[in-house]
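Every read-out reported here was derived from the displayed coordinates using simple, explicitly stated rules and does not represent laboratory data. Since we're looking at a predicted model, the values are computed, not measured. We place every Cβ from the backbone using ideal geometry, glycine too, and count neighbours over all the protein chains shown.
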Amino acid sequence: MGELMNCPECNQLFVKTNLRDVCESCYKIELKEFDVVYTFIRKRENRTATITEIVDATNVVEEKIMKWIRNGKLRVADYPNLGYPCERCGSLIKKGNICEDCSVSIKRDLRKEEAERERIKELRKRDKATYLFDGKK
């Protein structure tokens, strides 16, 4: 069962479900806005439109368009200039949360961190080693 919350758009109390994150009346408005956006980008001359151009032409806020891209309601494969910003650097991406460059960078940093931890572990191991001294020179 859903949880009771205030609509982020109009602040009306509603039951949030997996399917809707806004109240019924805002959902209907959102459906109409989606239809406006989808009708706009389906036209051949608008298929290469950027999000900014779509916002200017349809008066639908950028956040909603990005939300539809993120949740798969707008398929970016059909529209080459659509995407949403990488959470790390802000470059335009079409899937996931971060771009390929940031992913590579994070993996590289993690490998460096792991190597450093291993180096520190080895140093501590050496410091704890017991050396026998027989007193002879």
In degrees, nearest ten, helix 24-42 long axis to first principal axis of the chain (Cα): 90
The chain: calculated mean residue ellipticity at 222 nm from DSSP helix runs of at least 4, using -39500 (n - 2.57): -16000 deg cm²/dmol
Karplus (6.51, -1.76, 1.60) ³J(HN,Hα), θ = phi - 60°, over the range 115-122, in Hz, Gly and Pro reported as x: 4, 5, 5, 5, 4, 5, 4, 5
Long-range amide H partners of SER91 with built H, under 5 Å: CYS86
Pairwise label distance in nanometres, LEU4 with LEU19, each label 7 Å out on the Cα-Cβ vector: 2.2
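What is the projected area of the convex hull of the Cα atoms of the range 31-137, averaged over all directions, in nm²? Let's see the in-between values first.
On the way: hull surface 41.8 nm².
Mean projected area for the range 31-137: 10.4 nm², to one decimal.
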Members of LYS73/LYS107; LYS95/LYS121; LYS16/LYS64; LYS107/LYS128; LYS67/LYS112; LYS16/LYS43 lying beyond 26 Å, as alpha-carbon distances in this model show: LYS73/LYS107; LYS95/LYS121; LYS107/LYS128; LYS67/LYS112; LYS16/LYS43
Amide hydrogen neighbours beyond the local backbone of LYS16, cut-off 5 Å, H modeled: GLU3, LEU4, MET5
Table column - 3J(HN,Hα) (Hz), the range 54-62, Karplus curve with 6.51, -1.76, 1.60, x for Gly and Pro: 5, 4, 5, 7, 10, 6, 9, 5, 4
Under Karplus coefficients 6.51, -1.76 and 1.60, residue-wise ³J(HN,Hα) of the range 77-91 in Hz, glycine/proline x: 4, 7, 10, x, 9, 9, x, 9, x, 4, 5, 9, 10, x, 6
Choice from THR17, THR48, THR39 showing the highest fluctuation, given a GNM over the chain with Cα pairs closer than 10 Å: THR17
Positive dipole terminus of the chain, leading residue within TRP68, GLY83, ASN97 (C-beta point charges): ASN97
